[in-house]
1. Identify all lysines with a Cα-Cα distance to LYS274 below 19 Å; exclude those on the same chain that are fewer than 8 residues away in sequence.
2. May I ask for the angle, rounded to the nearest 10°, between helix 323-333 and the longest principal axis of the chain, with both axes built from Cα atoms and the value confined to 0 to 90°?
3. Report the label-to-label distance for VAL477 and LYS186 in nanometres (one decimal), using points 7 Å from each Cα along the Cα→Cβ vector.
4. Once amide H atoms are placed 1.01 Å from N in the peptide plane, what residues at a sequence separation of 5 or more from TYR245, or on another chain, have their amide H within under 5 Å of its amide H?
5. Compute and list, largest first, the equivalent-ellipsoid semi-axes of the stretch 26-118 from the alpha carbon gyration tensor, each √(5λ) rounded to a whole angstrom.
6. Quick one: if the Förster radius is 35 Å, what FRET efficiency do GLN464 and LYS526 give, using the C-beta to C-beta distance and rounding to 0.05?
7. Pop out the ³J(HN,Hα) list for the stretch 55-72 in order, Karplus 6.51 cos²θ - 1.76 cosθ + 1.60 with θ = phi - 60°, rounded to Hz; leave Gly and Pro as x.
8. On full extension of the chain, what length is gained from GLU337 through GLN255, given 0.36 nm per residue of separation minus the C-alpha to C-alpha distance?
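The values are calculated or read from the model by the stated rules, or taken from the named source; none is laboratory data. If you're wondering where the values come from, they're calculated on a predicted model, not measured in any experiment. Here the Cβ positions follow ideal geometry from the backbone for every residue, glycine too, while neighbour counts run over all protein chains shown. We work out accessible area using only protein heavy atoms, side chains counted, and drop any ligands, DNA or RNA first. Shrake-Rupley method; radii C 1.70, N 1.55, O 1.52, S 1.80 Å.
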Amino acid sequence: MPPDLLLLAILLLLSQGEARYFVVDREHDQFLLDGIPFRYVSGSLHYFRVPRVLWADRLLKMHLSGLNAVHYVPWNYHEPEPGIYNFNGSRDLIAFLRETAKMNLLVILRPGPYICAEWEMGGLPSWLLRNPNILLRTSDPAMHPSFLDAVDSWFKVLLPKIYPFLYHNGGNIISIQVENEYGSYKACDFKYMRHLAGLFRALLGDKILLFTTDGPQGLRSDNATRMFSLLREYEPHGPLVNSEYYTGWLDYWGQNHSTRSSPAVAEGLENMLKLGASVNMYMFHGGTNFGYWNGADEKGQFLPITTSYDYDAPISEAGDLTPKLFAIRNVISKFQEIPLGPLPPPSPKMELGPFALSLDGNLLSFLDFLCPQGPIHSVLPLTFEAVKLPTPFWVPNNGIHDRAYVMVDGVLKGVLERSLKQELYLTGRVGTRLDILLENMGRLSFGSNHSDFKGLLEPPLLGQTILTQWMMFPLKVDKLVKWWFPLQLTKRAQPPAPSAPAFYSAKFPVLGLPGDTFLYLPGWTKF
């Protein structure tokens, strides 16, 4: 019997047997799973940060560590344009849920609509910002269409898909989080939260356990006694839960890799388990921010998050087991049975290079391919959202969100960046061409999360003169690299040395069996 049919048969048999349920037993401060006291020891894995071909490998390693799985659902990953949905390939949420079931993992689903997760705009679609007055994460009654209109449309697509996978329906989703860290947001819209809870109930029924998550008001998450004492002030009865116990931390561009020691993580976990708490470790496997999906923070300055989401997690970005995993596994074994079976070895690695990169040409010479529909003409510059370019940018008072490469007659003159007070001194003459390449380094994903528009939010000035009559080129870099380069690179003459942003490429052979590898760029930097 094919695996998917076998899984379906198992779910049908379960649904025909005794009733399944996951509930809160407040009187005894615990969860009940089918009437038996239960606590979860789980770890976060984001399917959207792991290629689909690797889901089974990562989930197996989590299962063999004694865990249940938890993950978010990023709205913007599945609805790139209003009313256009993508659940294919690595976006196939249903396929991921089936993989978790095959690994005997329970799921605590966190579908937002806002998720944070250091993800582009906290999971909210950037096309929402085409309405410049929209109030995100509020009931927004005066705005038509409102934020809630978009939320309702999205959940009416998503939630029916996951309904068959709810635990009481024979699936493995035991609970669902509504919104995320709303206490850290500038709004305090009770109507908004009540609307979301009502929407979830209407589409999923009354049997599913709903919850939300907020931070511990500045307490360290490994100070179990103080953290849970604070929780008891607001929730006198019910199970103790830490839904985000940090195994490491995220990385910002230009800063050192964040780490947290294995003994500290193991000690904090053991202290919480001794108190009978349920714990979710964030992250157990971080993965990678592919494409343009990284988020950003605002902590006195704009802090974009790196492509890597390794997080110093127990399972590394490459999927390898770390000493931290074995320390955690040892702690868990003191409280519950660990699945039998050897843990998989590290994935095979291959070494390539070194090899030289060839210059293919300046970016400006590729505008016909990067923007085949031609430029948008405007007296004053428009934001990315206004020209419908689905990539993330933001700007401080000087109007740059997030990074501007300034060129005069094709020659780079300097870089201006958000949160930095800078000015360039330009010289030119009548007819001089000024080009500004704007880079979106990630929309804000935590906290204020106000409307983080990208591009030039204010018109540039030369002296006291406002520069007008702009041509704007939304650049489709991915399509150029995927379709044009492989066909054309061998036909192009060697271009002159670059004086502005440029494209480079290289060809290399893969000898023997393929394996994982890492890109190392000695001497390269982000100027």
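1. Here the lysines satisfying the reach criterion relative to LYS274 are LYS334.
2. Approximately 20 degrees, to the nearest 10.
3. 2.9 nm
4. Amide H neighbours of TYR245, under 5 Å, 5+ apart: ASN280, MET281, TYR282.
5. Square roots of five times the eigenvalues give 27, 17, 11 Å.
6. After rounding, the FRET efficiency stands at 0.65.
7. 3J(HN,Hα) across the stretch 55-72, in whole Hz: 4, 4, 4, 5, 5, 4, 5, 5, 4, 6, 8, x, 10, 9, 9, 10, 7, 8.
8. 25.5 nm
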